[in-house]
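Remarks on the structure that follows.
Read-outs: derived from the displayed coordinates by stated rules, not from any lab. The shown structure was predicted, so the numbers you read here are calculated from the model rather than taken from an experiment. All Cβ positions, even for glycine, are placed from backbone atoms using ideal geometry, and neighbour counts span all protein chains on display.
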Amino acid sequence: MAAEVLDHAGPIVECVPNFSEGRDEQVVRQIVAAMQVPGVRLLDWSMDAAHNRSVVTVAGLAEAVAESAIRGVGRACQLIDLTRQSGEHPRIGAADVVPFVPVRSVSMGEVVKLAHRAGMEMWRRYGVPVYFYEAAAVRPDRVKLEEVRRGQFEGLCAAVRRDSRRWPDVGAGALHRSAGAAAVGARQFLIAYNIFLDSTDVAAARAIARELRASGGGMHGVKAMGVLVDGRAQVSMNLTDFRVTPVSAVHQEVTNLAQRQGVRTAEGELIGLVPEAACEPNAAWVRQIPQFRWEQRVLEARLASPLAWPGPIHPVMAA
């Protein structure tokens, strides 16, 4: 019945939780399996060992999607110990970010309320403190995710003990001992897009990122950092406003900046899905993503043909 509802023009909300585990598939599969809820479709899940991070995309009926996210946070809290975890990607929690996104026939205001209810329930059930960000922010200094994550898990643990201004929006004045805190947000579509360089020079990637990102006077709606992934330099990006700054424009600018650094761009990488409105089938950036398949990487296509939920697996506990 839930699938029939989603096939019609009813309201649909997406959630794209990011978990701080990208190396142990058994752990990630358990988290994904815990998110299975009637009325929710599994659209994508991927693991990134270099960043030690996994990204899950689900969509469906609003309250069901919220329940799915809450359960995923709870399972991550049980299985991921941040005191033993490290990776390239910034993080403050086992369930690091939990953004809700309006997809169809639902307003941003409704999604903000959904995010607030979900955050309260994460604390009530699992004792995971919550910071609200972007449209769901309850303080102006927490609209930007990078401000919420300042100091990462280790630095934030220390900060909340000495400064009440860093306390979570929901929960006690301390982080969860091993699971940290969750940043729960409401936002528009975000495209996680990376470009490898044909180089091992991470300094070049960082220089490109500095010029590219909006905070440094670069392109509107672009967040970027230069990292080393499996011995290769990479420009890792989040594109928060693809209608103003298309992916093709970002790709071209990275190519131009790379030339100035004396390096060349190699293949691209998408993390999660891309909305159909942002996808240009014959664009250079699409051609540079290995094995790009429309039915697998485009949100609307995947919504019509979702993935199967992971089957029964042998449970593991955090080491």
Segments 251-261, 231-241 sorted - mean Cβ within 10 Å per residue, highest first
231-241, 251-261
Based on other C-beta atoms within 10 Å, arrange F19, F196 from fewest to most.
F196, F19
Per-residue counts of other Cβ atoms within 10 Å, averaged by peptide: what ranking do you get for 26-32, 197-203, 73-79, highest first?
73-79, 26-32, 197-203
Expected sort for M47, M35, M219 with the fewest Cβ neighbours (10 Å cutoff) up front is M47, M219, M35
Which ³J(HN,Hα) values, rounded to whole Hz and listed in residue order, are derived for region 141-150 from phi using the Karplus coefficients 6.51, -1.76 and 1.60 in 6.51 cos²θ - 1.76 cosθ + 1.60 with θ = phi - 60°, glycine and proline given as x?
7, 10, 5, 7, 4, 5, 6, 4, 8, 4
Using only helices, what value at 222 nm comes out for the chain when you add -39,500 (n - 2.57) per DSSP H run of length 4 or more and divide by the total residues, to the nearest 500 deg cm²/dmol?
-9500 deg cm²/dmol
